[in-house]
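Only the coordinates and a few stated rules stand behind these numbers; no lab work does. This is a predicted model, so every value here is computed, not measured. Positions of Cβ are backbone-derived with ideal geometry, glycine not excepted, and every protein chain shown enters the neighbour counts.
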Amino acid sequence: MYQSNPKRYGHAQYSSQSIDDTTLDDDDPVDQLNLNVDEEDYPDDMRDYNDKYVNEKNAIHDAQSVRYTAYTMRQDSGNSIVAELRNVGVTVLSLESLSTSAMIHYMDAVTSMRLGEANDEKCMLYTDRMGRVFNVVISGGAQGLAKSWSIVQASYSGWMAIVAIPFLARVITSLPLGGSNGITDPTVAMNPLMMLLLFAFVLQNETSHVWLAMSIYVRGSNSVGSHVWRDGGLTDYPRLLLLVLLILATFSTGTVQRILTWVGVIYGCLILLCNLGSRSWKKIELNPIDFNSIFSAPIVILASLFAGFAFPYMGLRAVDSGSDDSSGKDEVEKIILHPNGKRGRKNIALASSSAAVVFLLSDVKVVQEALGFDFSRLRGITNFIIGVWLFFSSLVSILLCHRLDSSRSKKIEPFLRTDETSPVGWIVPSIPNIVIDPNLSRNKMFVPGSDIFCSLIVCGLAFMISWTGVEVMRGENPSAFWEVIQK
């Protein structure tokens with residue numbers, strides 16, 4: 001509740017009251033004053049009185065305006081906006097003036113439930129004590145993440161991911177593994193610097209925001225704002241970890257370089273599969289996976305990987321529910337209302353053929369020698385496994401084209417506007433927004449225990465670092481910090 005400091009106008013003192021008291025009463029002395037009479041109609045002493053108390057007059061007039069505006073907004077605007085939206089079929093969630101804890105519980109409930117289909121129009125409105133209505137949006141970096149997510153969605157290329165996965169599988173199997181000591185061959189199948197450049201620049205969008213994609217497409221989060229409220233993750237840590245692994249592999253040597261390269265490429269493939277799989281999961285409208293358990297996140301990841309392995313082609317933007325209207329025989333109504341997925345099946349065949357051609361070219365020794373690759377290790381089993389995967393994943397994707405939905409094309413002009421910072425994904429474009437910080441719901445400490453316990457941990461670690469420095473200055477030169485502890 002907002003309360004301003006008292007303000008002085010002329011000789012009188014006024015204090016703005018709580019918005020709870022902003023009503024119009026018939027017996028209010030403010031409402032009984034006539035402030036609209038022309039000054040020429042007043043006698044001289046009355047005009048002098050008005051000139052003397054002009055500040056008081058303006059203050060009372062402003063108070064009348066604020067009170068009248070609040071009254072009319074409560075009676076007309078707030079109720080009429082909600083009623084009109086519900087009359088046209090919009091689902092309206094109402095968040096009224098609540099305590100902070102009650103508001104947090106309500107937001108937790110809204111962001112953890114699936115509110116209909118993605119194209120169903122719904123909004124979340126906040127009504128304050130003055131009757132004013134606002135769209136509820138999430139702050140805490142949600143707006144920046146929503147913009148980044150919009151760019152990734154527009155630039156994501158499922159075709160590039162499909163082509164890259166078989167090629168990267170060849171890189172993984174060709175890394176020198178074997179022998180009693182594990183990695184023994186001094187060479188690597190591909191320079192780790194090239195892998196770093198490939199993931200950092202070529203496959204930048206295809207490896208970005210994988211956890212956000214799984215949260216929205218598989219877990220069923222309503223929007224980016226809903227994801228931020230629940231998880232609070234703004235940084236793309238999976239992609240950062242991938243780049244760090246490949247950077248370390250680039251500058252390391254020997255066995256460490258080969259291990260880091262092998263781990264980094266495998267991890268990059270898993271990210272590509274999860275990104276493709278989450279989009280495929282959403283495309284064929286499988287049920288969201290979300291429940292309050294510590295196993296929720298692992299199950300979402302496993303479901304995305306399964307979809308990426310089994311039917312990755314469904315995640316391509318070109319795979320839709322339309323017919324092949326190139327001949328001109330299919331009418332628009334038939335394409336919209338009775339889709340058969342013919343165009344989607346053709347695009348799946350084209351993408352699968354492209355991936356197969358690139359994989360076959362990478363198997364040619366002349367190409368490998370010209371580019372400095374070495375894919376001779378486990379060549380036979382790699383070709384066999386990738387061939388089987390391309391065939392069955394393409395077949396399953398083609399068979400699933402009948403599940404593609406074209407209902408999105410039936411909605412011509414929605415009443416609301418999509419906004420990823422909203423907890424439900426939509427806002428009313430004609431009313432202002434109220435911003436709620438997700439940090440309000442994150443009041444639990446990561447480290448259990450009291451403040452004294454946490455302070456002791458920090459002091460202990462700082463003392464260990466300082467004591468290690470002291471030992472080095474004394475000439476002991478320990479190779480690791482635990483050697484100082486053993487002394």
Can you tell me how much longer the chain between Ser252 and Leu286 gets when fully stretched, taken as 0.36 nm per residue apart minus their C-alpha distance, in nm with one decimal? 7.9 nm
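If the limit is 31 Å between Cα atoms, which of Lys122/Lys147; Lys147/Lys283; Lys283/Lys365; Lys147/Lys282; Lys342/Lys365; Lys147/Lys342 go over it? Intermediate results must be reported in sequence, preceding the final value.
Numbers: Lys122/Lys147 21 Å; Lys147/Lys283 22 Å; Lys283/Lys365 39 Å; Lys147/Lys282 21 Å; Lys342/Lys365 38 Å; Lys147/Lys342 33 Å.
Over 31 Å Cα-Cα: Lys283/Lys365; Lys342/Lys365; Lys147/Lys342.
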Quick calc: nm separation of the 7 Å Cα→Cβ label points for Ala318 and Val244 -> 3.7 nm
Treat each spin label as a single point 7 Å out from the Cα along the C-beta direction, and report the Thr418 to Leu193 distance in nm. 4.2 nm
Pair Ile431, Ser94: separation of 7 Å Cα→Cβ label points (nm): 1.0 nm
